[in-house]
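Derivation of every value follows stated rules applied to the coordinates shown; laboratory data play no part. Keep in mind that what you see is a predicted model, and the values were worked out from it rather than measured. Neighbour counts are summed over all protein chains in view; Cβ atoms, including those assigned to glycine, are modelled from backbone coordinates with ideal geometry.
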Amino acid sequence: MVLMLKCSIVRGGGMRMKTNRKSDCSIIVQGFRKVIGACPMYFLFICIIDLLLGLTLALNTLALDNFFSLVGQYVSGKTVLSGVLSSLILLILCILANPVLNGLSTVFCLDYERKVIGKLEKIFNDKCAMQQTASFEETSFLDDINKAQKGVKNSVSLITGIVDATLIYIPYFLIIGVYLYSLKPNLIIIIFLFSIPIMFSQMFKSKLYARLEDKAAPLRRECDHYGECIIGKEKFKETRLLGAYNFFIKRYKNRLQTLNNVTMKTQVKSIRIELLFKIPVLLGHVITLLLLVRYLLDGSISVGNFGAILASTAMIMNMLEQMICYIIGNSMKQIGTVDNYLKFMNIKESVGKQINYEKAPAIELKDVSFSYPGSKKDVISKVSIKFDSEEVIAIVGENGAGKSTLVKLISGIYLPNKGSVYFNGEDTRGLDPKTLMSNISSVFQDFQRYKMTLQDNIIISDTSTTLINQCAQNSLKEADLNVNSKVFPQGMNTMLSRDFDGVDLSGGLWQRVAIARGFYKKHNMILLDEPTAAIDPVEESKLYMKFIELSKGKTSFIVTHRLSLTKMADRVVVMDQGKVVQIGTHKELISVKGKYQELYNSQSKWYIES
């Protein structure tokens, strides 16, 4: 049932999965490789405990048979009391060994699962980080991630379940099978025949739950989003002030109801299948009991055999049902999500040539067009432009003109659908994203507000330097943020979140923290995408002057709505509807009729009138 993965480039350079059916065995084999590889020695230790547990369970039945037989012989005077006592001690040891080994297996399995899940999630997160950024704009890709995340934990449960079945249940059934066969071979045949329907029921249930996961993943994401809108800290105030609570709670209930309905339909079908196939199992119980009575009456088996088999029959049937229904059954439910996880892990990563550039890069765009995944409309259309090394570029235009997208193409965050972006003469399609961005810093308008200390918020790009505190403080000074003010009672160690008994900063202060974070990272190219929207114009002007001063020897891009700041740039790029319509210095552009003059006059009019 695994889906053979193929990858194709989607619009914007993302990866999309194409799938073909494969067998459940293929999923299990791949799952074993992932899980065993995470903690091999720990896995071996658990296997030994499980094997011992399976053997002691089987020895219980043999010890019980031996005890009953010796008791019968002692009553008839054919053996001595010491033999009976020895068999009793052996039986007690087997009975005591079961809970001890079972407890050890449970404790070590839980610890093993935690360790393996932690390692697999680390690998999963690394895999996500290697995907093209444009892929995260695509709904189907986000669904793939959601389904794959669930498969991380389930892959461990799947493999540990199979190990339990292989090392606990199978040795038990082999030993008991030989024992029963030595007494009456037809007992084995009856038990085997009446277990076949249970296996078929699990196969049907596997397909049901695989289809359920495909339907449930997007519904879960919607529920999570609406739940965040209702109670999430970032959205809570706006939801209440707009009176949007009823709107979101209605949407949440609707999506949750749909999710519950889809899940309930699958569960009802699953229960019906299970009940239908359990009838032969119950019939097998009855037939086994009748046969045992018959064999006892005709002398085919001894009283000891009868007692041992009768006492163990319920356990045999119970363990058989446990193995098939719960271990194999749960495994079948999990295979769908594990399949999703393995498919995601098989997606090709964004790898390429590693480059090492010490000087500020020169950038060139040749006939570049770009559209987001799932959209046919070009956000950037046939742009050709060249930026020199160490040049300061201002990018302006109306909302939706494509300014932010252009910057992401320039930096290699996005790859163009058509045309090429050259970084020091190298096409970004053939470059390794990690090394490409290693010397690029940025501050975007939708910067992150990390719930960490002030210092941790600044140094996330590099914690290897021995002068972390000094470098972080220098970055804060460059962003004109006073760490010794009352706003930061613990200085650099002030927690920036009320959720963790810290402080809550204003929008303007958060923007300065984000700017300091951008300055802290070692770079020879920097992107500022409207990072000062919450800062007043006077302070903004000072900050940009500081930025220009710090940008010496670096290639710099500033995306801004405030055209008064473009005077500081070497050149200005004017965008309109995804195209570069003008390019030049402020003096050149303001002196000719065009989009730049129109935007500049529109803004200056408000200042003149006021």
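Given the DSSP H assignment, sum -39500 (n - 2.57) over each helix run of at least 4 residues in the chain and divide by its residue total; what's the result at 222 nm in deg cm²/dmol, nearest 500?
Computed ellipticity for the chain at 222 nm equals -20000 deg cm²/dmol.
If you average the C-alpha positions of region 502-520 and of region 153-180 separately, how far apart do those two centres end up, in angstrom?
Taking the Cα centre of region 153-180 as reference, the centre of region 502-520 is 56 Å away.
Could you tell me which of the pairs Lys408/Lys554; Lys235/Lys434; Lys205/Lys250; Lys521/Lys567 are separated by over 21 angstrom between their Cα atoms in the structure shown?
In this structure, Lys235/Lys434; Lys205/Lys250; Lys521/Lys567 exceed 21 Å between Cα atoms.
I'd like to compare 181-188, 452-459: which one has the highest average count of other Cβ atoms within 10 Å, and what's the full order after that?
The most tightly packed comes first, giving 452-459, 181-188.
Can you compute log10 of I(q)/I(0) for region 373-511 with the Debye formula, treating each Cα as one identical point scatterer, at q = 0.11, 0.12, 0.14, 0.18 Å⁻¹?
Log10 of I(q)/I(0), two decimals: -0.60, -0.69, -0.87, -1.11.
Nearest 5 is fine: what % of DSSP beta bridges in the chain come out antiparallel, could you say?
Counting DSSP beta bridges with both partners in the chain, the antiparallel share is about 55 percent.
Provide the percentage of antiparallel DSSP beta bridges, counting only those with both residues in region 363-609; round to the nearest 5.
About 50 percent, rounded to the nearest 5.
Can you tell me the relative contact order of the chain? Whole percent, Cα pairs under 8 Å, sequence separation 6 or more.
16
Among 406-414, 51-59, 475-483, how do they line up from the highest to the lowest mean number of other beta-carbon atoms within 10 Å?
406-414, 51-59, 475-483
Report the far tail of the P(r) of the chain, meaning the percent of Cα-Cα pairs longer than 38 Å.
Here the tail beyond 38 Å accounts for 53 percent of pairs.
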